[in-house]
Amino acid sequence: MAHKRIVLIIGGGIAAYKCLELIRRLRERGVGVRTVLTKAAQQFVTPLSVGALSNDLVLTDLFDLDDEREIGHIRLSREADLIVVAPATADLLARMAGGHANDLATAVLLATDKPVLVAPAMNPRMWSHPATRRNVALLAADGVRCVGPAAGEMAEAGEAGLGRLAEVPELLEAIEALLAEGAPKPVLPLTGRHVLVTSGPTHEPIDPVRYIANRSSGKQGYAIARAAAALGARVTLVAGPVTLPDPKGVTTVHVETAAQMLAAATAALPVELAVFAAAVADWRVVNAAGEKIKKQASGAPPALALAENPDILRTLAARGARRPRLVIGFAAETENVIEYAKKKRKSKGADWIVANDVSPETGIMGGDRNSVHLVTQQGVESWSEMDKDEVAMRLMQRAAEHLLANEAAAE
Ligand SMILES: Cc1cc2nc3c(=O)[nH]c(=O)nc-3n(C[C@H](O)[C@H](O)[C@H](O)COP(=O)(O)O)c2cc1C
């Protein structure tokens, strides 16, 4: 809350004295408090005590020439981070709901473009009166936030019910929450970008119970989806069959076959950045059986006819209006890793290829660590071995920088 400023409008109710405590607690937290007292409020607390506690201006009159020259009601209404009305009397709520501006408090409230929090306090019958109910509903519809009132004994002897001003800790909590809501969110490097990631293997059915697959675990692609989301992107993850939990804050589309993966990835367009980390099966079985294939008495194995699967990377990297601005492919090889990756970058039309050696002795397939080479138009960078999460974060940061630099160059 430190360094925030609020305007506290004190209404003419018995509970006004509690605002002295509220001001002290806000000041302790480093919040600047500028106070407006209604005419009625001054019957309950004095500008002198309020000013001494807030150590700031206390304003009371819309038509006070000195006050108006020094700060002005319009400036007063705009320069705070939040306006708090406590206690908000029944009459003040009615004037707010009616859009009145016939004193300094209501003029400030009508002129403000800042969040407003009201803390009503009144006799329970005033609170439950249809007129007050109506006014509170109108104010809620206008976006005014409300804290309390609480139930309990009223200041007037023998009166109890709903109408007490919320206690100071509750007021502080509500103020803190609203100040945090209004705080500017940090701008992350992929904020406002849509990123597509494919991940995992694909399963190509042979019959209803058997399929062709590969050893991809999906860990690297999932890590990339998480990293892109952490950097502020809206992420669509198209995942083949894996055993990983869906990443938080990411739209995950589950598919099984290469054909389904292509359809889901195409449906996600347009995206600015596409990362094809899935290990898509190169072939599918064209004569997949509708029923489980039985062993033959002759011992003859079934003849599987294979056809090439669609090339998702090449298809989506093809020039066209919907081509992602940055296309990153993955190359998993067991030999001549860099040479294959360089060729793949050109032949598939990708901008970058992340190449890794997936020979069984590396433990990369299914493991948590990775050792990659980033192949770009500029050359090859070999990254030292690191966690797949780290590879993902580094890659997404590089991608964010690339997108930004390209935009700056285009301007
Ligand atoms: C002793 C006393 C206590 C009052 N307490 C309250 C109260 O708690 N809540 C309320 O809505 N009005 C209360 N009122 C009535 C308001 O002071 C009155 O409606 C006034 O016009 C409100 O002005 P304001 O909203 O500009 O502060 C009280 C009046 C008196 C005389």
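The numbers here are math on the coordinates, done by the rules we state, and not lab data. Please read these numbers as outputs of a predicted model, since none were measured by experiment. Note that each Cβ is placed from the backbone with ideal geometry, even for glycine, and that neighbours are counted across all protein chains shown.
Please list, in order, the residues from region 200-239 whose amide nitrogen is less than 12 Å from a point placed 7 Å along the Cα→Cβ vector of His254. In region 200-239, the label zone of His254 (backbone N under 12 Å from the point 7 Å along Cα→Cβ) covers 239.
Binning all Cα-Cα separations of region 5-180 at 10 Å, short to long from zero, yields these whole-percent fractions: 10, 42, 38, 9, 0. Per residue, the convex hull spanned by the Cα atoms of region 321-392 amounts to 98 cubic angstrom. With coordinates expressed along the principal axes, the C-alpha atoms belonging to region 1-80 extend over 31, 29, 17 Å, beginning with the largest. Straight-line reach from Lys4: taking Cα to Cα under 29 Å and skipping same-chain neighbours fewer than 8 places apart, the lysines in range are Lys18, Lys39, Lys114, Lys185. For the residue pairs Lys348/Lys388; Lys219/Lys343; Lys292/Lys342; Lys219/Lys294; Lys344/Lys388, alpha carbon separations beyond 31 Å are given by Lys292/Lys342; Lys219/Lys294.
As a rough footprinting exposure proxy, the listed residues Tyr222, Tyr17, Tyr211 were ranked by other beta carbons within 10 Å of their own, and the order from fewest upward is Tyr17, Tyr211, Tyr222. Per-residue ellipticity at 222 nm computed for the chain from its helices equals -10500 deg cm²/dmol, with DSSP H segments shorter than 4 residues left out and the rest contributing -39,500 (n - 2.57). Over region 194-410, the alpha carbon radius of gyration divided by the compact-protein estimate 2.2 N^0.38 Å works out to 1.05. Label separation (Glu385 vs Ser128): 7.3 nm, computed from points 7 Å beyond Cα along the C-beta direction. Neighbour counting of Cβ atoms within 10 Å sorts the residues Val271, Val136, fewest neighbours leading, into Val136, Val271. Note on the chain: antiparallel DSSP beta bridges, both residues inside, total approximately 30 percent of the bridges counted. Annotation for Ile293 and Thr191: the two label points, set 7 Å from Cα along the Cα-Cβ direction, are 5.5 nm apart. Axis angle, to the nearest 10 degrees, between helix 219-230 and the longest C-alpha principal axis of the chain: 30 degrees. Based on C-alpha pairs under 8 angstrom that are at least 6 apart in sequence, the chain has a relative contact order of 11 percent. Out of all Cα-Cα pairs in region 130-176, roughly what percent, to the nearest whole number, are more than 12 Å apart? Within region 130-176, distances greater than 12 Å cover 69 percent of Cα pairs. Computed from label points 7 Å out along Cα-Cβ, the spacing between Glu28 and Ala213 is 5.9 nm.
The packing ranking of peptides 301-312, 33-44, 162-173, highest mean first, is 33-44, 162-173, 301-312, where packing means the average number of other beta carbon atoms within 10 angstrom of each residue. Determine, at each q value in 0.08, 0.09, 0.11, 0.14 (inverse angstroms), the log₁₀ of I(q)/I(0) that the Debye formula gives when each Cα of the chain is one equal point scatterer. Rounded to two decimals, the profile gives -0.66, -0.72, -0.80, -1.04. Given +1 at the Cβ of Lys and Arg, -1 at the Cβ of Asp and Glu and no other charges, the dipole of the chain around its Cα centre is 1180 debye to the nearest 20. To check you understand DSSP bridge types, tell me what percent of the beta bridges within region 5-180 (both residues inside) are antiparallel, rounded to 5. That works out to approximately 20 percent antiparallel.
Of the residues Phe63, Gly30, Pro169, the one whose Cα sits farthest towards the positive end of the charge dipole of region 5-180 is Pro169 (charges of +1 on Lys and Arg Cβ, -1 on Asp and Glu Cβ, taken about the Cα centre).
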